[in-house]
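For reference, the structure discussed in these notes is given below.
All of the numbers you see were taken from the coordinates with simple rules; none came from a lab. None of the values given here were measured: they were computed from a predicted structure. Virtual Cβ from ideal backbone geometry, glycine too; neighbours counted across all protein chains shown.
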Amino acid sequence: MRFGSLFGAALSLVAFATAVVSSEEENGPELVATAAFPETNAFNHVVNGEKNLLTITVENKSKNNVTLLNIGGALLNPDTNAVLKNLTTVKYTVPLINDVKIQIPFTFYSQLKPGDHRLNVWIEHSSEAGKSKTEALDTIVTVVEPELSIFDLKLLSTYAIVAALLGGLLYLAYTTFVPQPKKSKAKKAAVSAPVGTVTATGAGGYQEEWIPEHHLRKGKGSKKQGALSGTSGDELSGAETSGTEGKRRKGKK
């Protein structure tokens with residue numbers, strides 16, 4: 001009885017060892033992969049709209065030929081494990097040498113609501129047994145918005161474009177809805193320039209077209225009166241002269 005029990009125990013132990021070896025062969029080669037954020041990002045912050053860097057460390061522990069095919073990942077809800085965003089898969093096709101650690105950079109972008117999310121990153125590799133995946137990172141990260149800077153050219157250009165559009169809309173609304181003052185059509189009477197040059201001589205010459213009519217009439221009337229007075233004076237002086245000559249003739253007789 002004791003011999004039979006010992007023989008049965010030995011058979012069960014051999015069967016267990018065979019099952020372990022077969023399970024290892026089914027699971028594929030032993031591959032170790034880890035991922036970590038840079039030392040400057042100690043709090044595992046994922047910045048929206050910016051490049052986020054991870055360093056993937058891969059080591060082939062088996063004696064089989066293994067080829068790294070790609071690295072992928074996803075951001076999930078930490079409570080429900082629902083996939084919020086699949087990260088862009090990066091293809092490599094790099095052979096992994098036995099017992100040699102390889103560090104590979106992996107970058108990804110996020111456009112999620114700020115808060116805590118679950119980040120899962122894996123590597124896909126192939127061997128003689130086929131393709132398989134190995135998890136490199138599964139942790140909680142904090143999604144944050146980028147810091148604002150007054151020297152950000154993209155932000156300044158966005159503000160300039162928005163300001164120009166708002167200014168154009170305000171000007172259009174002002175010209176459309178605000179009544180504009182009407183321009184007066186009355187024009188000032190233009191002062192006529194002289195046709196010719198006005199000349200005056202020392203002898204009293206002048207141009208009569210620039211003198212008002214009432215002044216001309218007065219001037220002509222005074223000229224006529226002067227002419228009449230001059231004629232009567234001449235006649236009187238002639239009569240006196242003839243009288244004087246008559247007296248002289250009588251005296252001679």
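Write out the trypsin sites (Lys or Arg not before Pro) in segment 53-146 meeting two conditions: DSSP loop, and at most 16 other Cβ atoms within 10 Å of their Cβ.
On the way: sites: LYS61, LYS63, LYS85, LYS91, LYS101, ARG118, LYS131, LYS133; in loops: LYS61, LYS63.
For trypsin sites (Lys or Arg not before Pro) across segment 53-146 that sit outside H, G, I, E and B with at most 16 neighbouring Cβ atoms in 10 Å, the list reads LYS61, LYS63.
Are there chymotrypsin sites (Phe, Trp or Tyr not before Pro) in segment 74-178 that DSSP marks as loop and that have at most 11 other Cβ atoms within 10 Å, and which are they?
PHE151
Estimate the FRET efficiency between THR158 and LEU53 by the formula 1/(1 + (r/R0)^6), using the beta-carbon distance for r and 30 Å for R0, to the nearest 0.05. Working shown, then result.
Working: r = 26 Å, r/R0 = 0.87.
Working from the Cβ atoms, E equals 0.70.
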